[in-house]
Each structure stands twice: as structure tokens, then as C-alpha cells.
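Data block below; observations after.
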Amino acid sequence: MRPRGAFPGLAAVAVLAAGGCGTANGPAPGAPEPIAWIDTLPVPPPEPNFPPEFWRVSDAPVIGGAGRLVGLRRWFGPEQEAVNLTRFDDVVSSSWFERRNGYRDMTPEEVARGPVTSGPDTSGVLRIVGLSTGRTPGFTVEDDRGDRFLLKFDPPGYRHLATAADVISSRLLWAAGYHTPENSVFVFDPRRLALDPSVMVEVDPEDETDPAVAAAGGNHGGPTTNGVPMRPVRDEDLWEVLERIEALPDGRLLAVASRILPGVPLGPFRFEGRREDDPNDYYLHEYRRELRGLYVVAAWLNHVELNFSNTLDTYVEPGYVRHHLIDFGETLGSGTLEPLDPGTSRAAGVDVGGTLTRLLSLGFLRPAWKTVDYDVPHPSIGWMQVEEFDPGAWTPRFGSGAFARMTDRDGYWGAKLVAAFDDDEIRAAVTAGRFSDPAAADTLAEILSFRRDRIVEHWYGRITPIEEPRVEKAPAGGENLLAVSFLDLGLRDGTRTAEETVYEFRFQDPDRGILREGAARAAPGRSRQTIRVPSLGTSAAVGPEAPDPGALLEVRVAGKRT
């Protein structure tokens, strides 16, 4: 089991401390810091906006605009850090993100429960108020309490594949801090279903038995939804859906029940720009740390389908917009309809490099993933990379403006979210998937722990992982010494040893220049380290006069391997 602990934010290479007395961390000068929950102030309700599904291709690396062309701004433009940051390089709780695991000690039981309050009530009738007859069958039900849930099912032959992935990923993303629906595994008797006659379904233009198809192009003069012709549901529509669902041996059905989110649905959010009709949406989305750092969490969970169509904004009480991640059936090793394969896990939606390579080589050169031999370890968990997993090279199917602009500091922040999950918490989340075979649960938990360790090792190697800085007078060092202590996450989480770690430090007065700099080797046997340096109120100060006791002293500490 990995060690774990709370983190207040990034100290990394800079700490601002009160000069002279050196007893506390002082505020950083400059722009005001973000205020927690400031974006939940009441605002007028924005207009719902549900773009067509095919618009999600605009999140692809090429079609999404020149600024996102395979991360052109990241390659050739000036690197710009996220803008919604505290002086500790962290984010505050908001309508986008809430500080949870790592910021406080969560129990495995909390992670296993996630945001779920209750599943559907099975004591009465489950009234079907919405029916999906597409590639992935499902329906919306209302129980006797009046609560509504979206029910989704596994593909035949792959029990637990999509339902467990949806439930497990929703809990881990929620515990990491993101807003997600209440998803839980739900087993029920289909004889409790009752079809509401007011339900409408799409007209299938290929179904010649449907009278509505007699009109040219399916334009039967009836109701439409987003321009799509609709007709009243028939009993055979429900039976057709039920026949495509593989029942349990006792005849019951296993589904993921996703409680309909509270509030008024407003449509998805984008990973760049702003929602212009929301006065609380202060920052361009591509410069939000929580959206940039989401790349690392998505890589951990293999969320290859992450794009704007898997997000949802809702207008909630007392009158603000909350931003959610939704629909996790294509995460982990699940491709929703079947297990993922190396191509789905490695190739972006628009793979420019791979396409050009095949064209110029007349098809003789193939992408590396097409030469990978892979085995699905268990039909219930599908396939995802383990030994080959590269946290810095993982690619979702569709790119995004936020991901293209991610910096190392953003990646390090996301890695801390992942590192906060110990083995017990991961196993607790996996248990919520309710696998019928314990071997499947054990294998998936081990894969997630392995990928977590790879992520931590990768991103901790790009940023000095120093946290929880404290500046105070050294207890036994005399009046001329200050003790600067900090938590080294690299030592705590085992990505490096004390024997190979040296800290380079520099004390600097912003007005007078460098006061003291040097190096100190890490002390073995502990993750909290201490560096002793001359105090500001001594002859070590530069200039004819010592600084005022309330002046700011900048302390920079950077760790390096020897």
C-alpha cells in the first residue's frame, strides 16, 4: 500500500515567507487569489445549448482550429501557465472542481460510496419515460419516489465490462474532485418495467414496416427533436431493446443506474473558450488548471472518449451553473460495445502523423500500435496498457484546447490527484463495480495501482515535488538561523531515495538581491526535510540596513538527483 497524505498545493521551487521573524508563509504579491466557490453566486439562467453529436470532432487535434493543431501553441508559442491559481500553485473549490481526496483524508468506504445517495426504488413499478433504440440500448426510468435514472447495459458476452467501468471511473473521478453523476450497479426484474405511452422514439428511415417511413426521407409531418423525426413508442420497441440485453441466469437484468443530475440541463461545456451567458465563467477553459490537469487523471483511467459530448452543464440552486463529467462506459478497458484494443487506446481521432506516414510509405509502414500483440486478461475488464503505459504519451481519441496547453506544472498537479489514492481506496472503488469474478476485480485493481505508480514517477520527475513549506526560527540553531522545512513527495512516494537527492536553495530579498544560496543533501529515513539558513535580521543581509521584520523573503528550493 502506498503512503498517502494531504497536500495544500505546490511549493515546488518557490515559497514566500515573512522576512525577519520567519514564522509564517506570507501572501504572494500580485493578482488577487481565486476565492473558493465564488463562481456559485446566483446568476440568470443561461440558455440551453445542445450541439449536434458530430460537432465533437471539433475537439480533435486538427479540426479544432490552428491553435490546437497537434498542440501547435504548446510547441511553438510561448508557454503560459494556468491562470486560476493560488500562491501555492493550486486551485480552489468551485463549480468545476471540489477539493476531496488528498486535501483531506478520505476513507476507502467514502471512495466506494462516491456521490451516490441511493439507487432506484425496486419496491414498485419502474416507469420507462425515455427509450434509446440505438447502438447502445438503454432507457430512462422513474421509480415510485419520483426519482429518475438512466439505465445502461453491458454488451452481450461481456458482463460488467461497461457497467463496472462506468461505476468505478465515476467514483475515482468524483473522489479526485470532479463533479460526476450518482452511478451505481443496479440489478432488477424486467417484469417491473412499465412503458409510458407518451414516450417518443426516432423514426428509423430504414424500417419499411414503419408507416412513418412512407413519407420521403422520413419527413412524416410529425414531431421532431433537433430536426430528427419522432413517433410514439410501441410495445415492440421495448421488446426489441430487451432482446439485445443479456440477462442474468435468474432472468434479472444488470445495469448501471445513473441518477438524472439535478437542475436544468444546459448542454455540454467546451475545453476552451467561455460560456458567454454565464457571468460566473471567469476564465478561458483552456487556462483552467483543473481542466488541464484532468489529462493526467484521464490517462490513469484510460478515458479515451473524453470530449465535450461527455460533459454536461446544469443550472442548479440557488442559481448557478455546475460543470459535470458524465458517461464513463468507455474507460478503463471498456470500449462500451466490446473491449478496447491498442488502436483505440493509442490513436487520436484524427491521427495526422500516422495518416501521412501511411500515405508516404504507400501503406508499408504501419503505426506501432498495429504491431502490438495483446490479450484481454478478462472479458469483464477488457484491455488497457500496463507495462507499455507511457503517462506522457497517452492520447485520447479527441484532443482538446486544455490538454494541448498543459504544462509540466499542470501535469504535476494532476499527478498529485492520482497519487492521493492508496491501494485500499483503489480496491474499494473497484469493489463498487460488483464483479461476479473476484479475479477480475483483483486484476483491475492491480492494473490501476501500476498505472498510478507510472504516472507519479513520470510527473514527479518533471517538477520538484515539494509541498507543505514551513519557515520558522531553528529551535537549537541560535538567533541567526531559520529552519525551512517541507514535505518531499518524491521521497514519500518512493520515486527517488534520500541518498540520490540534493536540494539547491536560494534566499532572496526582492529589493536587495540574493541573501544566501547553497545545497544540502536530503536526510535519510524521512520525507519531511529541513534546511537551515541565516535569518534576515542578521549580518547575512545584503546592504547597509537589514530588511523590515514584515518584509517578504523569497525562498527557492529545487531538488535534483545526483
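The values are calculated or read from the model by the stated rules, or taken from the named source; none is laboratory data. Just so you know, these numbers come straight off a predicted model, no measurement behind them. So basically every Cβ, Gly included, is an ideal-geometry build from the backbone, and we count neighbours across all protein chains shown. Quick note on the areas: whole protein, heavy atoms, side chains included, nothing else; ligands and nucleic acids left out. Shrake-Rupley method; radii C 1.70, N 1.55, O 1.52, S 1.80 Å.
Whole-Hz ³J(HN,Hα) for each residue in the range 135-142, computed from phi via Karplus 6.51 cos²θ - 1.76 cosθ + 1.60 with θ = phi - 60°, x for glycine and proline: what do you get?
After applying 6.51 cos²θ - 1.76 cosθ + 1.60, I find 5, 10, x, x, 7, 9, 10, 10 Hz.
Loop-only check: which trypsin sites (Lys or Arg not before Pro) in the range 247-281 are DSSP coil with at most 16 other Cβ within 10 angstrom?
Details: sites: R252, R259, R270, R274, R275; in loops: R252, R270, R274, R275.
Here the sparse-neighbourhood loop sites are R252, R274.
Which percent of the accessible heavy-atom area of the range 370-469 goes to carbon and sulfur, probe 1.4 angstrom?
Details: 1590 of 3530 Å².
Carbon-and-sulfur percentage of accessible area, whole number: 45.
Would you rank Y178, Y282 by solvent-accessible area, highest first, keeping every protein chain in place and using a 1.4 Å probe?
On the way: Y178 5, Y282 100 Å².
Sorted descending by solvent-accessible area, the residues read Y282, Y178.
So if I average 1/r over every pair of distinct C-alpha atoms in the range 235-320 and take the inverse, what Kirkwood radius in Å does that give? Can you show the working numbers first?
Details: mean 1/r = 0.0603 Å⁻¹.
Every distinct Cα pair counted, the radius reaches 16.6 Å.
Kindly write out, for the range 327-338 in residue order, the coupling ³J(HN,Hα) from the Karplus curve 6.51 cos²θ - 1.76 cosθ + 1.60 (θ = phi - 60°), rounded to whole Hz, with x marking Gly and Pro.
Going residue by residue, I get 6, 10, x, 10, 10, 6, x, 9, x, 6, 8, 6 Hz, with x marking Gly and Pro.
How do D277, D143 stack up against each other in accessible area, from largest to smallest, with a 1.4 angstrom probe?
Details: D277 65, D143 5 Å².
Accessible-area ranking of D277, D143, largest first: D277, D143.
Heavy atoms of the protein only, probe of 1.4 Å, neighbouring chains included. What is the accessible area of F328 in Å², nearest 10?
Ignoring ligands and nucleic acids, F328 comes out at about 0 Å².
Using a 1.4 Å probe on the protein heavy atoms only, what accessible surface does H378 show? Give it in Å² to the nearest 10.
We get 40 Å² for H378.
Which order do F450, F271, F505 take when ranked by solvent-accessible area (1.4 Å probe, heavy atoms of all protein chains), largest first? Numbers along the way, then the final one.
Numbers: F450 60, F271 5, F505 25 Å².
Heavy-atom accessible area, descending, gives F450, F505, F271.
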